Amino acid sequence: MTEIKVLQKVLASNDALAQSHRKIFDQNNVTAINIMSAPGSGKTSLLEKTIEKIKNNKKIFVIEGDIKGNLDAMRLLKKGADCIQINTQGQCHLDGFMLSQALPKIDLSKVELLFIENVGNLVCPAEFDLGTHYNVMMLSTPEGSDKPVKYPLMFSKADLLLVNKIDLLPYVQFDFDNLEKSLKKLKPKLKLIKISCKTGEGIEEWVDWVLGEIGKRRNRR
Ligand SMILES: Nc1nc2c(ncn2[C@@H]2O[C@H](COP(=O)(O)OP(=O)(O)OP(=O)(O)O)[C@@H](O)[C@H]2O)c(=O)[nH]1
Ligand SMILES: [Mg+2]
């Protein structure tokens, strides 16, 4: 069917751009992390906390993806991060073409750690490789623990799963056993960190993971 061929072509050209972006990141010794989740899970809150913790040790840059507006970019600029906002003008995900317009505006030789906050959506962002070294997926407790069964692609593409808003556990129904059972079927080795961007619980472990992965990549070069 024609529609399927079109989608295949779009994804193939996106993959080619992703490869070339990965090369650019590698040439500049940049570790790039794509953060994906449903709207409102806490991606920007996580970046605010992360910037607070490591902006004095690591040169961080953030690409913010939103359908419209620059609210998230403004929040991160306030925290002292270098940041640019991509507006997708209705598209529910970032893609390689959008990144190819943003990357020339960044002096990557001055960046060690590039975070990309994808558009809040549990479906399409997982289909479009951005050439990042890691995909970090965030699930927040009010969303429920059944999401890996319902949105498997996003979870299967993740290198790390952050379960955010654990401060809300007394008030929402979230079953960690159920989550772990479905992850075992889908991606048994997926690392999971429980965090709260409100209380700060688990943020240290997340930051250690980020710094650890930067170290591993440096040692491989
Ligand atoms: N209770 C609680 N609230 C949180 C936590 N993390 C974030 N929030 C709140 O959740 C709401 C959404 O947080 P954001 O960081 O804007 O979420 P986001 O994923 O960046 O949202 P989009 O960019 O719109 O997809 C805000 O009101 C935050 O204050 C948390 O750990 N606990
Ligand atoms: Mg956000």
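Every read-out reported here was derived from the displayed coordinates using simple, explicitly stated rules and does not represent laboratory data. Being a predicted model, the structure only gives us computed values, none of them experimental.
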I need the Kirkwood Rh of the range 43-88: take the reciprocal of the average 1/r across all distinct C-alpha pairs and report it in angstrom. 10.6 Å
Based on the alpha carbon coordinates of the range 49-153, what radius of gyration and maximum Cα-Cα distance (Dmax) apply, in Å? 14.4, 42
Measuring from centroid to centroid over Cα atoms, what is the spacing of the range 170-188 and the range 89-163 in Å? 21 Å
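Convert 37 °C to kelvin, take the viscosity as 0.692 mPa s, use the Kirkwood radius over C-alpha pairs of the range 2-220 as Rh, and evaluate the Stokes-Einstein diffusion coefficient in µm²/s, rounded to a whole number.
Once the numbers are plugged in, D ends up at 185 µm²/s.
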